[in-house]
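This report refers to the structure that appears directly beneath it.
The values are calculated or read from the model by the stated rules, or taken from the named source; none is laboratory data. Because the structure is a prediction, the values reported are computed rather than measured. Every residue, glycine as well, gets a Cβ built from its backbone with ideal geometry; the counts of neighbours run over all protein chains shown. To get the accessible areas, we keep the full protein, side chains included, count just its heavy atoms, and leave off ligands, DNA and RNA. Shrake-Rupley method; radii C 1.70, N 1.55, O 1.52, S 1.80 Å.
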Amino acid sequence: MDTELLDALDTLGGAVAGLSIRGAANHLGVGQVRAKRLLAEHAARRQAPLSLVRGDDRGVTA
């Protein structure tokens, strides 16, 4: 069920950033606690994953 709700947030695109927790809860038809968790999960999914790249640090001084 959460997958469907997260997909609904995806369809809103950038408008999700402007939603309050109460607004998201009303839009999704869920409680505010669940909406808060879904918004947090949605935001985490949209962030680009971090990658560590080992650079050539020879010759670098602090």
Total residues in region 19-43, condition open to solvent by less than 60 Å² (accessible area, probe 1.4 Å) and of a type in the set (Val, Ile, Thr): 1
The one condition in (1) modelled with pLDDT under 85; (2) surrounded by fewer than 16 Cβ atoms within 10 Å (Cβ to Cβ) that residue 16 fails to fulfil: (2)
